[in-house]
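Engineer: Can you keep this structure in mind? I'll have questions shortly.
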Amino acid sequence: MSMHERKTIDLEQGWEFMQKGITKLKNILEGLPESQFSSEDYMMLYTTIYNMCTQKPPHDYSQQLYDKYRESFEEYITSMVLPSLRVKHDEFMLRELVKRWLNHKVMVRWLSRFFHYLDRYFITRRSLPPLNEVGLTCFRDLVYQEVKDKVKDAVISLIDREREGEQIDRALLKNVLDIFVEIGLGNMECYENDFEAHLLKDTAAYYSRKASNWILEDSCPDYMLKKVQHELLYVNASQLLEKEHSGCHGLLRDDKVDDLSRMYRLFCRIQRGLDPVSQIFKQHVTIEGTALVKQAEDSASNKKAEKRDVVGLQEQVFVRKVIELHDKYLAYVNDCFQNHSLFHKALKEAFEVFCNKGVAGSSSAELLATFCDNILKKGGSEKLSDEAIEETLEKVVKLLAYISDKDLFAEFYRKKLARRLLFDKSANDDHERSILTKLKQQCGGQFTSKMEGMVTDLTLARENQSGFEDYLNSNAHANPGIDLTVTVLTTGFWPSYKSFDLNLPVEMVKCVEVFREFYQTKTKHRKLTWIYSLGTCNINAKFEHKTIELIVTTYQAAALLLFNASDRLSYSEIMTQLNLTDDDVIRLLHSLSCAKYKILNKEPNTKTISSTDVFEFNNKFNDKMRRIKIPLPPVDEKKKVIEDVDKDRRYAIDASIVRIMKSRKVLGHQQLVMECVEQLGRMFKPDFKAIKKRIEDLITRDYLERDKDNPNIFRYLA
Amino acid sequence: MSLKPKYLPSYFVSLRSPASLDISVFVSFKTFLGKKIINFIDPYVDMIVVDGISLLCTDLQVDPQDIVMVSVFMTQKNILPSDIEFEIDTIEKFREKLSYMRSELRDDQRFREIYNFSFGWAKEKGQKSLALETAIGMWQLLFAEWHWPLVDHWCQFLQLKHNKAISRDTWSQLLEFAKTIDLQLSNYDEEGAWPYLIDEFVEYLTENGIVQRPQN
């Protein structure tokens, strides 16, 4: 077979032939009746292109064919694809798009085969976009650009509908999303910018609006699952959680317990996913607690304007509210957050923040102690059943765990306990012992040893008293003629009080003597210290109208007894004869002459005591009762308690530093401070400055020295 | 508040009053000066010792409040090595020795020795700490020689906020502070082991805007 000279094909003629093939392809795509392509058809089309591209110039039509290749797509898209898409909407539009895209890919595949020869030489040589790319780009530029927003909206509304529980065509969804991916021809930009960003925004908004559909896994297409879990939860977790109205804060604020449980279950799947949730939980609890503090603070300052005689009531309410808050969020931790340690820690840290703030000049340690006192004393403001008391005490002790100044609580508690025990104000011995057991469990034996000693002391004192009464009965000559009850206490257990201050009236001096004799028959080498300030006396006062029994303190009694010898006494005479301080004298004279019962007449008759006042016995005094109690308001002990605690702390810090240095011999400053804080942390949170001062004091006292070369290092001097 | 009254170090004060006179100081002083100058020193000893010192200072043309005198006493008490044997037989040679000692004060190590020695030297016998007035006087003298720009603020701060005696630890740490901490306090570490008084001084400086610490 010999090669014959090929006949030159001109453009028009060649293209006419190609056009037939393209029309056939379009008909097939449009589903019109058309026979399939045979391999001859294909061969002929390819050959035509080949021939047209290999003719000598000016008959090489490569460039023209390359352009016509593109125009074919453009023509098809403008005449067929776009009109069909424009008339459809929503899901139908999506279906059309998917179909059109599939068709388009088929068209690109076939056409690029027909024109394949262009790819091999012309395009390569000129570095033009290959045929496949040209085909797909046409769709992107003409179709995708026009419909992408509509498509995106349609897809998102489809997803939203599924979130609401509707069945949707997931295959369709997947196919549409594939378009977003494929249209990028290998890069994800289109997907990310035109769809994903919107979806994430929408999803965030959606889940903010409707927190009830947290279980995303069950409801989103598989395709989305991985993507969404990562993008939505992991990357956008904080944004989601912190949504103002329906993020984690919102759920906590609105007590959406179920939603919080769901949130927990969801976020615990992500690595470190619970960290931000627990942080928000902590913040939320802190804010609520701080608000309680603020509230109590406000009502305390309002109250100051009025009268101060209902002191403690606001504080009582405050502690109650804190307990309620704790109950509530502990339940959250246990239920919603499945007892996870992270949330226990968050709860603890939150309570530590506001529990250590204190209200209106009272530390929370004091408030808790006062709260306990109100529950445990007779006629306190809380009327509760035994069970409720037990339960409340349990909770108070739990709160104490958050208080850093446990030593301060102990000191206040001891003061109040002392008053309850000594003035017979304790409502129930079992409750007293029960709270001590609870405190012991939580804070250790050392914490409660003194308090337990106090309770025991009182039992012993009762035995002692009956011994004393027996002694008086058998030694008639010793009887002072006045009933005397003495409560003997162990010095170390009780708070410190002023002793031997008052100039005791002779009648009482006799009593003291008698008791001392009795006591010596029982014990040797024990020294009795008398604390008159804690004493109570029942005295008969003979007024003009009748005799009334007055229940007064020993101080008050001593003052009244002075008037057995003189009718009128000046302030300074009273003060000298009693041997008391101004504060005490003013306090007790006020109770006798300016308060409810005016046993003494004061000149001038004013509401306050001054050092120039003169007093006389009010013979005309009368009252319908036969027995009256004249209260003497206790001195505010707060300052002294705080001072005592401060002093104890200095010793505690000293001891701790010496203990540490004794074992370590040489230690850096920061480590020493840290270990010291750690050792003492169970009782109180030592202030760094205080530790520093103690270190310096120990240097002065030659327990420690600074290293010669490094002043940040201390050495123990044995 | 004026901070420039001339505080007298207590050793000068005590030398002024015959009752609390430290004879041994003067006697050993004489030993230090050596037998050769016994005739030279004797006239001073014969007088009431305090006046003797004063007169000696006058003859040496030295202010009795000059810190170099502390140096002299230290040398004489064998606290500082007396490395060169001067033939001191005239007041002129003594003067020469003084100017040599003064030059030594500029040496860091020597200054530190003198500084630390001053505490024990200046405090009352039997006391562990140094009365504030005395301490302030000593600081003014010492830091006049070894310049520390914050000394006036330090003294003012102490009088306003502290008003108590100064412990040896605070005394010696202050020199470390003056030597190592720059004037912007940029290398001061509040977590460090500085005595609390120095911590409070830093707070005072920053709160009153005397020093603007660089924010880090």
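The values are calculated or read from the model by the stated rules, or taken from the named source; none is laboratory data. None of the values given here were measured: they were computed from a predicted structure. Here the Cβ is made from the backbone with ideal geometry for all residues, glycine too, and neighbour counts use every protein chain on show. Side chains included, ligands, DNA and RNA excluded: accessible areas come from the protein's heavy atoms. Shrake-Rupley method; radii C 1.70, N 1.55, O 1.52, S 1.80 Å.
Engineer: Please list, in order along region A:666-672, the HN-Hα scalar couplings obtained from phi with the Karplus expression 6.51 cos²θ - 1.76 cosθ + 1.60 (θ = phi - 60°), rounded to whole Hz, x for Gly and Pro.
Structural biologist: 10, 8, x, 4, 5, 5, 4
Engineer: Turning to a different aspect of this structure: Kindly report, to the nearest 10 Å², the accessible surface of A:Val486 as traced by a 1.4 Å probe over protein heavy atoms only.
Structural biologist: 20
Engineer: Let me ask you something else. List the accessible area buried at the contact between A and B, summed over both sides and calculated with a 1.4 Å probe, in Å² to the nearest 100. Mind showing how you got there, number by number?
Structural biologist: On the way: alone 38420 and 11170 Å², together 48360 Å².
So the total buried area for this chain pair works out to about 1200 Å².
Engineer: FRET efficiency for A:Arg664 and B:His162, Cβ-Cβ distance as r, R0 = 30 Å, nearest 0.05?
Structural biologist: For R0 = 30 Å, the calculated efficiency reads 0.45.
Engineer: At 1.4 Å probe size, put A:Lys416, B:Lys161, A:Lys527 in order of accessible surface, largest to smallest.
Structural biologist: Values: A:Lys416 50, B:Lys161 135, A:Lys527 170 Å².
Final ranking, largest accessible area leading: A:Lys527, B:Lys161, A:Lys416.
Engineer: Label B:Asp63 and A:Lys598 with points 7 Å out from Cα along Cα→Cβ: what is the distance between them in nm?
Structural biologist: Taking the simple label geometry, B:Asp63 and A:Lys598 are separated by 7.3 nm.
Engineer: A:Asn302 versus A:Lys522, label points 7 Å from Cα toward the beta carbon: distance in nm?
Structural biologist: Label-label distance for A:Asn302 and A:Lys522, simple model: 5.3 nm.
Engineer: Non-local amide H neighbours of A:Thr553 (under 5 Å, H modeled in plane, Pro and chain starts lacking H): which ones?
Structural biologist: Residues meeting the criterion, in which the H sits 1.01 Å from N, are A:Cys537.
Engineer: Next question, about the same structure. Whose amide H sits under 5 Å from the amide H of A:Val359, counting only residues 5 or more places off or on another chain, with H placed in the peptide plane?
Structural biologist: So A:Val359 has HN proximity to A:Ser364.
Engineer: Let me ask something additional. Please give the average number of partner chain Cβ atoms lying within 10 Å of the Cβ of each residue in A:624-636, rounded to a whole number.
Structural biologist: 0
Engineer: If you don't mind, another one. Enter the accessible area per residue of region A:1-137 (Å², integer; probe 1.4 Å; all protein chains in place).
Structural biologist: Computed with neighbouring chains in place, this is 58 Å² per residue.
Engineer: Rolling a 1.4 Å sphere over the protein heavy atoms, what is the accessible area per residue of region B:150-212, to the nearest Å²?
Structural biologist: 42
Engineer: List every residue whose amide H lies under 5 Å from the amide H of A:Leu704, counting only residues 5 or more places away in sequence or on a different chain, with H placed 1.01 Å from N in the peptide plane.
Structural biologist: A:Ile699, A:Leu717
Engineer: Taking 0.36 nm per intervening residue step and subtracting the Cα-Cα distance, what contour gain separates A:Ala718 from A:Glu469 on full extension?
Structural biologist: Gain on stretching A:Ala718 to A:Glu469: 84.1 nm.
Engineer: Shifting gears a bit: Measuring from label point to label point, each 7 Å out along Cα→Cβ, what is the B:Glu124 to A:Asn503 span in nm?
Structural biologist: 3.7
Engineer: Report the relative contact order of chain A, percent, no decimals, based on alpha-carbon pairs under 8 angstrom and at least 6 residues apart.
Structural biologist: 6
Engineer: Return the residues of region A:686-713 for which accessible area with all protein chains present is lower than in the chain on its own by 40 Å² or more; set the probe to 1.4 Å and exclude ligands, DNA and RNA.
Structural biologist: Those are A:Lys689, A:Lys692, A:Lys693, A:Glu696, A:Thr700, A:Arg706, which lose 40 Å² or more relative to the chain on its own.
Engineer: What are the chymotrypsin sites (Phe, Trp or Tyr not before Pro) within region A:1-67 that DSSP puts in a loop, where the Cβ has at most 16 other Cβ atoms within 10 Å? Walk me through the numbers on the way to the answer.
Structural biologist: Working: sites: A:Trp15, A:Phe17, A:Phe37, A:Tyr42, A:Tyr46, A:Tyr50, A:Tyr61, A:Tyr66; in loops: A:Phe37, A:Tyr61.
Sites meeting the loop and neighbour criteria: A:Phe37.
Engineer: Quick one: pull the percent of accessible area on chain A belonging to carbon and sulfur, 1.4 Å probe, ligands and nucleic acids left out.
Structural biologist: Numbers: 19330 of 37790 Å².
Carbon with sulfur: 51 percent of the solvent-accessible area.
Engineer: Also, I was wondering about something else. With the cut-off at 20 Å, tell me which of the pairs A:Lys357/A:Lys378; A:Lys398/A:Lys438; A:Lys665/B:Lys128; A:Lys527/A:Lys638 have Cα atoms farther apart than that.
Structural biologist: Values: A:Lys357/A:Lys378 29 Å; A:Lys398/A:Lys438 9 Å; A:Lys665/B:Lys128 24 Å; A:Lys527/A:Lys638 29 Å.
Over 20 Å apart, Cα to Cα: A:Lys357/A:Lys378; A:Lys665/B:Lys128; A:Lys527/A:Lys638.
Engineer: With r defined as the distance between the Cβ atoms of A:Lys345 and A:Ile287 and R0 fixed at 22 Å, what FRET efficiency is calculated, to the nearest 0.05?
Structural biologist: 0.80
Engineer: May I ask for log10 I(q)/I(0) of chain A at q = 0.06, 0.07, 0.08, 0.12 Å⁻¹, from a Debye sum over the Cα atoms as equal point scatterers with solvent left out?
Structural biologist: -0.64, -0.74, -0.86, -1.32
Engineer: Gain in length, A:Asp709 to A:Lys638, computed as 0.36 nm per residue apart minus the alpha-carbon separation, to one decimal in nm?
Structural biologist: Extending this stretch completely gives an extra 21.0 nm.
Engineer: By how many nm would the segment from A:Ser39 to A:Thr487 grow when fully extended, if each residue of separation counts as 0.36 nm and the alpha-carbon distance is taken off?
Structural biologist: Separation in residues times 0.36 nm, less the Cα-Cα distance, equals 149.2 nm.
Engineer: Just report the Cα centroid separation between region A:643-667 and region A:310-372, whole Å.
Structural biologist: 30
Engineer: Turning to a different aspect of this structure: Among all the lysines, which ones have a C-alpha under 29 Å from A:Lys546's C-alpha, if same-chain residues fewer than 8 places away are not counted?
Structural biologist: A:Lys510, A:Lys596, A:Lys598, A:Lys602, A:Lys607, A:Lys620, A:Lys624, A:Lys629
Engineer: If you don't mind, another one. Just to make sure I understand: if all protein chains stay in place, what is the order of A:Asp567, A:Asp327, A:Asp707 by accessible area at 1.4 Å, largest first?
Structural biologist: Working: A:Asp567 125, A:Asp327 60, A:Asp707 25 Å².
Heavy-atom accessible area, descending, gives A:Asp567, A:Asp327, A:Asp707.
Engineer: Using θ = phi - 60° and the Karplus curve 6.51 cos²θ - 1.76 cosθ + 1.60, what whole-Hz ³J(HN,Hα) does each residue of region A:14-24 get, with Gly and Pro shown as x?
Structural biologist: My calculation for region A:14-24 gives x, 5, 4, 5, 4, 4, 4, x, 5, 4, 4 Hz in order.
Engineer: Another question about this same structure. Using 16 Å as the cut-off for backbone N distance, which residues of region A:411-436 belong to the label zone defined by a point 7 Å from the Cα of A:Ala655 along Cα→Cβ?
Structural biologist: Output list for this probe position: A:411.
Engineer: Quick one: if the Förster radius is 30 Å, what FRET efficiency do A:Val106 and A:Arg265 give, using the C-beta to C-beta distance and rounding to 0.05?
Structural biologist: Computed FRET efficiency for A:Val106 and A:Arg265 comes out at 0.05.
Engineer: For peptide B:193-199, compute the average count of partner chain beta-carbon atoms within 10 Å of each residue's beta-carbon.
Structural biologist: 6
Engineer: Would you tell me the mean number of C-beta atoms belonging to other protein chains that fall within 10 Å of each C-beta in B:173-182, as a whole number?
Structural biologist: Per residue, the number of nearby Cβ atoms from other chains is 1 on average.
Engineer: Another question about this same structure. In what order, largest first, do A:Ser62, A:Ser610 sit by accessible area if the probe radius is 1.4 Å?
Structural biologist: Solvent-accessible surface, decreasing: A:Ser610, A:Ser62.
Engineer: Over region B:109-207, what percent of the accessible surface lies on carbon and sulfur atoms, probe 1.4 Å?
Structural biologist: 46
Engineer: Please turn the phi angles of region B:103-115 into ³J(HN,Hα) values with the Karplus equation 6.51 cos²θ - 1.76 cosθ + 1.60 (θ = phi - 60°), one per residue in order, whole Hz, x for glycine and proline.
Structural biologist: 5, 5, 4, 6, 7, 4, 4, 5, 4, 4, 4, 5, 4
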